[in-house]
Amino acid sequence: MRRRIGAREFDFARQVAVMAVVNRTPDSFHDRGATFVLDRAVASALRAADLGADWIDIGGVPFGRGPVVSMREEIDRVVPVVEAVAAERPELVISVDTNRADVAERAIAAGAAVINDTSGLGDERMAEVVAAGAAHIVITHSIGPPRVEKPAATYADVVAEVRGFLAERLQRAEAAGISRECLIIDPGHDLDKNTLHSLELTRRLDEIASLGAPLLVAVSNKDFIGEAIDRPRSERLAGSLAAMTACILAGARIVRMHDVAETVDSVRMIETILGWRAPARLEHNTHPTRNV
């Protein structure tokens, strides 16, 4: 499953792309605004690239409930970061995490190759904008608009319902003119789902992967991990890497993670175990005088 995304070529039959997270928001759930200042956001993106990230995902509005962020403010948050990173590291894939078509349009013009839409085409113009910009899109499962209080999550069969939603949105995207080669799916761990739902999605992720589009997972430091192992947000790295590994083995090929260095090492190790990449070096027990 080869894909050209932005300036990069990926072979998702034997490769996992590492997507780093840069949130230019004062209330992001993980970094709590550490990269809200423009210079810090750009520096964080470049540092992630230096650590081995293939892809930078830039967000200006968190998914979770909170104060309304105007269209103008969201554009002002994300577009300067896209422009700066694209100029400095043109080889990187840049995506923008937004559910607004107008923001997506400006982001694509600034250099974003992908729109990461956590509303799953909630904006009726989104597919049209992505198609016109010849961009890729991540279609994510969620229910209802972001940033608002919602009732407790209920599903008869969360995997079947998520799969059905994604299948329908893939058809909608293609009907709007987006090439199948430009479509990526994300089951939306924790988005309008409780911990049991996210765990079930992880166990049965192969059912989502069977849709055929490259599968992205965003499990890093999420609440289902904290609740599963009883750890606060600052102590979820090990759980995040374990969940990520389970997802890769079930078919995920793009992983959206906060801790880039640890993620890159884990992903490269998984690829090597699976025989997708050669070891970086071979020394152990390869010389008769140095056997251990």
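The values are calculated or read from the model by the stated rules, or taken from the named source; none is laboratory data. As the structure is a computational prediction, the values presented were derived from the model and not from experiment. Ideal geometry is used to build each Cβ from the backbone, glycine not excepted, and the neighbour counts take in all protein chains shown.
For region 150-226, the helices (runs of 4 or more DSSP H) that sit wholly inside it and include 2 or more residues that are polar (S, T, N, Q) and free of Cβ contacts under 8 Å to residues at least 40 places away in the same chain are 195-203. Taking region 262-277 as the search range and keeping residues that are more than 14 Å from residue 240 (Cα to Cα) and in contact with a helix residue (DSSP H, G or I) (Cβ under 7 Å, 6 or more places away or on another chain), which one is surrounded by the most Cβ atoms within 10 Å (Cβ to Cβ)? Across region 262-277, the extreme among qualifying residues is 270.
Kindly establish whether residue 215 is buried (at least 16 other Cβ atoms within 10 Å of the Cβ) and under 15 Å from residue 185 (Cβ atoms). Yes. Check region 151-168 and report whether any residue there is more than 23 Å from residue 48 (Cα to Cα), of a type in the set (Val, Ile, Thr) and under 18 Å from the mean Cα position of the chain (by Cα). Yes, region 151-168 has at least one match.
Does residue 231 meet the test of being basic (Lys, Arg), assigned to a loop (DSSP other than H, G, I, E, B) and either surrounded by fewer than 18 Cβ atoms within 10 Å (Cβ to Cβ) or modelled with pLDDT under 95 (or both)? It is true that residue 231 is basic (Lys, Arg), assigned to a loop (DSSP other than H, G, I, E, B) and either surrounded by fewer than 18 Cβ atoms within 10 Å (Cβ to Cβ) or modelled with pLDDT under 95 (or both).
Of all residue pairs spaced 6 or more apart or on separate chains, those with beta-carbon atoms under 9 Å, a first member in region 254-272 that is closer than 21 Å to residue 44 by Cβ and a second member that is at pLDDT below 95 are 258/30; 258/31.
Among the residues of region 85-126, those that are farther than 16 Å from residue 53 by Cβ and of a type in the set (Gly, Ala, Ser) comprise 87, 101, 104, 107, 109, 110, 111, 119, 120, 122.
Can you tell me which residues in region 234-251 are in contact (Cβ under 8 Å) with a residue 40 or more places away in the chain and either under 15 Å from residue 199 (Cα atoms) or not in a loop (DSSP other than H, G, I, E, B) (or both)?
243, 246, 247, 248, 250, listed by residue number.
Against the list (1) of a type in the set (A, V, I, L, M, F, W, C); (2) crowded, with 17+ Cβ neighbours inside 10 Å; (3) assigned to a helix (DSSP H, G or I), the condition residue 56 fails is (3). One residue alone among 42, 114 is in contact (Cβ under 8 Å) with a residue 40 or more places away in the chain, in contact with a Ser or Thr (Cβ under 6 Å, 6 or more places away or on another chain) and of a type in the set (Val, Ile, Thr), and that residue is 114.
Kindly indicate whether residue 142 is among the polar types (S, T, N, Q), surrounded by 14 or more Cβ atoms within 10 Å (Cβ to Cβ) and without any contact (Cβ under 8 Å) to a residue 40 or more places away in the chain. No; evaluated as a whole, the condition is false for this residue. Within the option set 105, 83, 74, being part of a helix (DSSP H, G or I), touching a Lys or Arg at 6+ places or on another chain (Cβ under 7 Å) and surrounded by fewer than 24 Cβ atoms within 10 Å (Cβ to Cβ) holds for one residue only, 74.
Only residues that are under 19 Å from residue 256 (Cβ atoms) and of a type in the set (D, E, K, R) were counted across region 148-195, and they come to 5.
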